[in-house]
Amino acid sequence: MGVINRFYDVDNKNEINALDSQLPTTRIGHQGIALLPGTDWLLSSAGTATDNKGRFISLFKYTSGNIPFYVKVIKVFGDDYDGKAIAMPFVTSDGNFLIVSSKKDGKDVLRVFDLKKLNITSSNDISSKYRNEWNISKNLTSDGRFFQAMASDGKYIYLLSGNASQSVKKLYAYSLDGKLSKKIDYVTLGQTDALKAGNQGHWEPEGLAVDSKNDALLILFSVGDKGKRLGKIYSIKLQP
């Protein structure tokens, strides 16, 4: 079941505090959340209540202390795509594009939609209205790494992979036309802090976002022993 939490930065002290949360629901899935620009609508991966959930995303409004208000599913992939995958939707920081992921024939796929050409809040099926799509390099998820998060500034799409072990993480960048423009195969950001945070060495990439004001990428890692996990956010400068 999916749970959404809201956090805020108290007096800009770089300590993120929990504000409230939404009740768990099978209508919302694991990984991926986005805010539609200029609205209070949220997008997420579809949950287990949806058959072949990997082909759908959920549209809803956040409701503090309750189940989400008005949930509907939108089809973003056809029937020849993996129904067990995670769509992991996000909207580019410029608000122009929706990007989703899936699997087809065992390969990870990215698909781009132009939001200016869609009325997404009133749509049930946009699976044939995508701008373009391509297969992600299999090297991103080699050696037991998982595709964990993605973000975009509207020019490049940044993909993050890794697992909870001390093995290095990977960060790739694609243009919106699917050209692989940058590969970082040895991301060690936060590794030292993870070793200090507990006895298990837990160091798992959980989130990625674009900080447009500071021209940077924000990477969220989960660190610490089970039951005492912390989220640590790191910033790295964007490079062309």
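The values are calculated or read from the model by the stated rules, or taken from the named source; none is laboratory data. Computed from a prediction, not measured in an experiment: that's the story for all the values here. Cβ sites come from the backbone with ideal geometry, for glycine too, and all protein chains shown count toward neighbours.
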Flag for L23 being aliphatic (A, V, I, L, M) and within 17 Å of the chain's Cα centre (by Cα): no
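Hey, among the residues in the stretch 185-231 that are of a type outside the set (A, V, I, L, M, F, W, C), in a strand (DSSP E or B) and modelled with pLDDT of 90 or more, which one's nearest to the chain's Cα centre (by Cα)?
So in the stretch 185-231, the residues of a type outside the set (A, V, I, L, M, F, W, C) come out as 185-186, 188, 190-193, 196, 198-202, 204-207, 211-215, 222, 224-229, 231.
From what's left, in a strand (DSSP E or B): 185-186, 204-207, 211, 222, 231.
From what's left, modelled with pLDDT of 90 or more: 185-186, 204-207, 211, 222.
Details: D185: 19, Y186: 21, E204: 14, P205: 11, E206: 8, G207: 6, D211: 15, S222: 15 Å.
Step by step, filter the stretch 185-231, then rank; the result is G207.
Of everything in the stretch 164-183, what is in a loop (DSSP other than H, G, I, E, B) and in contact (Cβ under 8 Å) with a residue 24 or more places away in the chain? Give them in sequence order. Full working, then the answer.
Applying the first criterion (in a loop (DSSP other than H, G, I, E, B)) to the stretch 164-183 yields 164-168, 176-179.
Passing the criteria: A164, S165, Q166, S167, L176, D177, G178.
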Only one of (1) in contact (Cβ under 8 Å) with a residue 60 or more places away in the chain; (2) among the aromatic types (F, W, Y); (3) loosely packed, with under 14 Cβ neighbours inside 10 Å does not apply to Y186, and that is (1)
Taking the stretch 106-152 and the residues there that are within 20 Å of the chain's Cα centre (by Cα) and among the charged types (D, E, K, R), the one that is surrounded by the fewest Cβ atoms within 10 Å (Cβ to Cβ) would be K138
S181 versus (1) crowded, with 16+ Cβ neighbours inside 10 Å; (2) in contact with a strand residue (DSSP E or B) (Cβ under 6 Å, 6 or more places away or on another chain): which is the lone unmet condition? (1)
So which residues in the stretch 1-58 are assigned to a strand (DSSP E or B), of a type in the set (S, T, N, Q) and surrounded by 13 or more Cβ atoms within 10 Å (Cβ to Cβ)? S21, T25, Q31, S44, S45, S58
What are the residues in the stretch 201-236 that are surrounded by fewer than 14 Cβ atoms within 10 Å (Cβ to Cβ) and farther than 24 Å from F90 by Cα, if any? D225, K226, G227, K228
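Residues are listed down the side, and each one gets a yes or a no for (1) farther than 30 Å from L176 by Cα; (2) basic (K, R); (3) touching a residue at least 40 places away in the same chain (Cβ under 8 Å):
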{"position": "L36", "(1), (2), (3)": "no, no, yes"}
{"position": "F69", "(1), (2), (3)": "yes, no, no"}
{"position": "I74", "(1), (2), (3)": "no, no, yes"}
{"position": "Y81", "(1), (2), (3)": "no, no, no"}
Given the condition in contact with an Asp or Glu (Cβ under 8 Å, 6 or more places away or on another chain) and either touching a residue at least 12 places away in the same chain (Cβ under 8 Å) or over 21 Å from L208 (Cβ atoms) (or both), answer yes or no: does some residue in the stretch 117-134 qualify? yes
